[in-house]
Amino acid sequence: MKKLILVAGAVLFLAVSCSKEEVDTINDAQNLLAPTTKPSQQYDIYKGVFTTLAAGHTGTVIIQFAEGSNTYPTAILTLKNGDVYEAKALKPISASESTKGLLFQSQDFSFVFSMMEDGISPILSYVTLNGMESDIQAAKETESTTVETRTGTWGCTVCNDSPYIHEWMGTILGGINDQSFNLIIASHADGSSSIITQVTLNSAVYIGVGHFDNEDCEIQFQMGCEREVCNMTSGDGFTTTVGYMANGNPVTWSAERIDNFACPSIISGTWQWPSISYGLIEGVFESDAVAPCCE
């Protein structure tokens with residue numbers, strides 16, 4: 001297993017975050033989440049992950065467009081600490097209407113929602129929470145695609161004295177990790193699953209891609225519990241194994257997704273990045289802890 005991320009210096013981060021490479025990776029991520037079979041009607045549920053650019057605040061988002069011409073779409077943001085924020089669109093619009101530049105706003109939480117021409121891939125921009133610049137990535141849930149969202153954190157285990165990447169503290173021992181590593185997993189009707197990753201470092205957000213298929217999964221039994229273990233990797237599964245590029249060099253990762261069917265899945269993995277200034281940097285990432293259960 002390997003893992004994503006990142007970077008040499010603060011200046012390099014700013015350069016990378018504004019580069020064409022990142023734009024291309026975001027487009028790749030959006031294309032990956034298009035369902036294998038286009039639905040026969042418009043659907044109105046989008047599920048996503050949220051992070052402030054300075055990290056520290058992560059969560060999941062559900063955006064709903066109701067049918068009917070006089071309905072106001074709503075967005076519910078649930079942070080990892082349990083705080084909940086709601087924002088409503090400033091004008092009524094139905095699920096079947098073309099959507100570009102639709103502002104969602106409340107006193108604390110706002111963003112602009114636009115739909116790509118495929119009618120499936122959303123673009124969310126100008127995201128703020130309590131005045132903090134933020135980011136949302138989301139995917140549309142359809143008849144042929146189910147969407148799971150997971151928040152998490154990451155750190156380095158081989159840091160090579162890089163001052164910009166935080167050493168992994170370990171969630172099991174109660175360590176504090178303040179760098180976001182969030183995932184959207186879209187499972188398609190053909191048995192394939194595509195992944196968007198959302199990672200923060202030094203007030204920059206990096207959007208990457210990953211994948212796995214049914215053949216990458218197996219059923220296991222442990223302490224009387226049945227669980228499905230899937231091997232996930234970076235890349236799109238066809239043309240590249242790269243999650244995304246950082247300062248011109250590839251970030252790659254691999255992970256296990258453990259699903260015992262009764263609870264949210266548990267994801268853990270490793271990443272590596274051959275940096276220019278600090279050599280090969282390696283580390284781990286984990287989804288946020290959930291209570292173990294088996295029913």
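The values are calculated or read from the model by the stated rules, or taken from the named source; none is laboratory data. Fair warning: this is a prediction, and the values are worked out from it, not measured in the lab. Cβ: placed from backbone, ideal geometry, glycine included. Neighbour counts: every protein chain shown.
Annotations for the structure displayed:
- Residue list for segment 179-200, restricted to those being aliphatic (A, V, I, L, M), part of a strand (DSSP E or B) and more than 12 Å from PHE285 (Cβ to Cβ): ILE184, ILE185, ALA186, ILE195, ILE196
- Set ALA204, ALA255, ALA246, ALA189: member being aliphatic (A, V, I, L, M) and surrounded by fewer than 14 Cβ atoms within 10 Å (Cβ to Cβ): ALA189
- Residue identified as modelled with pLDDT of 90 or more, more than 21 Å from the chain's Cα centre (by Cα) and either closer than 30 Å to ALA54 by Cα or crowded, with 21+ Cβ neighbours inside 10 Å (or both) among VAL158, VAL199: VAL158
- For GLY237, the stated conditions do not hold, so it cannot be described as modelled with pLDDT of 95 or more and within 22 Å of LYS140 (Cβ to Cβ).
- Extreme residue, modelled with the highest pLDDT, among residues of segment 212-232 that are closer than 23 Å to THR153 by Cβ and surrounded by fewer than 20 Cβ atoms within 10 Å (Cβ to Cβ): ASN231
- Within segment 233-243, being touching a residue at least 60 places away in the same chain (Cβ under 8 Å) and either farther than 16 Å from PHE181 by Cα or surrounded by fewer than 16 Cβ atoms within 10 Å (Cβ to Cβ) (or both) holds for one residue alone: ASP236.
- Here ARG150 fulfils each of the conditions (1) under 22 Å from ASP83 (Cα atoms); (2) touching a helix residue (DSSP H, G or I) at 6+ places or on another chain (Cβ under 8 Å) apart from (2).
- Checked across segment 110-130, the condition of being in contact with a His (Cβ under 7 Å, 6 or more places away or on another chain) and assigned by TED's automatic domain parsing to the domain that holds ILE63 holds for at least one residue.
- Looking only at segment 138-159, residues that are acidic (Asp, Glu) and farther than 22 Å from ILE266 by Cβ come to 1 in all.
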